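**Student:** Below is the structure I would like to discuss, written out as structure tokens.
The values are calculated or read from the model by the stated rules, or taken from the named source; none is laboratory data. Just so we're clear, the structure is a prediction, and the values are computed from it rather than from any experiment.
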Amino acid sequence: MKAIKALVIIMTTLIVFGLVFLAYGLLNSETKKPVSIDTAEIKTKQYGTAYLKEPEGSKIVAFHSSAGKLFLQITGGNMKERIVTVDSSTGEIVGTIALNYNPALSQK
């Protein structure tokens, strides 16, 4: 009988300690502050006005930004439909992709 009594006391103590640690963990995790970023350390480069040098009559019909690049879908200006890629950090034109397929060019 003494062994059962000792087991009950030990297991009760373990349950109490477990509940105390669980409560401490729950309360401690809710009080953590979110990580803040010092915006003074973030430096942005302003490049003023960026010129696309597209012919007169050209129109930007769509745009998308991804991975530091700006993709502009341009039509008109007596040219084929095209996508112009601009580096967002410098404003420089990275490249141009013509969208109309010309089968004569692919056979060479």
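**Student:** Out of everything in the range 21-35 that is in a helix (DSSP H, G or I) and of a type in the set (S, T, N, Q), what residue ends up being modelled with the highest pLDDT?
**Tutor:** Ranking the qualifying residues of the range 21-35, first place goes to Asn28.
**Student:** Assess whether Ser66 counts as being over 20 Å from Lys53 (Cα atoms) and at pLDDT 85 or above. Give the steps one after another, and end with the answer.
**Tutor:** On the way: over 20 Å from Lys53 (Cα atoms): yes; at pLDDT 85 or above: yes.
Yes: the conditions hold for Ser66.
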